[in-house]
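Q: Please read through the structure below; I'll follow up with questions.
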Amino acid sequence: MTVHYVLDADAVSEGGHAVVTIEGKSIGIYRINDEYYALNNYCPHQGAPMCAGLVSGTTLPSDVYEYEYGKKGEIIRCPWHGWEFDIRTGKSLFSDKIWVKTYKVNVQDGKVGVDLVRK
């Protein structure tokens, strides 16, 4: 296991993300509830830059003109075609056969590290 320490933990604000390049791969580092997740910046559909997509949640039943979300801040939507994925797991919301590659994250001494071996 080779961990690549790529940025300071405080460089990613809560609910935010940063895009880094490791060994030629573009990877998004997301911070959700003080946990860090690493996601390949490549949509499995047609190669869109995933990290340019909107981060939101799943919609729950709510009143007209109101939006109530489940998994708020945990879902990323592809900027080209709207395919949605769970940032924590990379799993799509529409198929068990499609996902975005995720990587194991290690935070040590205030640094965020990514292991390129898929978790």
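Q: Kindly establish whether residue 49 is closer than 30 Å to residue 2 by Cβ and at pLDDT below 95. Steps first, answer last, please.
A: On the way: closer than 30 Å to residue 2 by Cβ: yes; at pLDDT below 95: no.
Against the criterion (closer than 30 Å to residue 2 by Cβ and at pLDDT below 95), residue 49 does not qualify.
Q: Next up: Please go through (1) within 28 Å of residue 3 (Cβ to Cβ); (2) assigned to a loop (DSSP other than H, G, I, E, B) for residue 95 and return the number of the only condition it doesn't satisfy.
A: (1)
Q: Are there any pairs with C-beta distances below 8 angstrom linking a residue in the range 5-26 that is closer than 18 Å to residue 48 by Cβ to a residue that is of a type in the set (Phe, Trp, Tyr), with the two at least 6 apart or on different chains, and if so which?
A: What qualifies is 17/30; 26/42.
The values are calculated or read from the model by the stated rules, or taken from the named source; none is laboratory data. Note that the coordinates shown come from a computational prediction; the quantities given were computed from them, not determined experimentally. For neighbour counting, all protein chains shown are included, and Cβ atoms are generated from backbone atoms with ideal geometry for every residue, glycine included.
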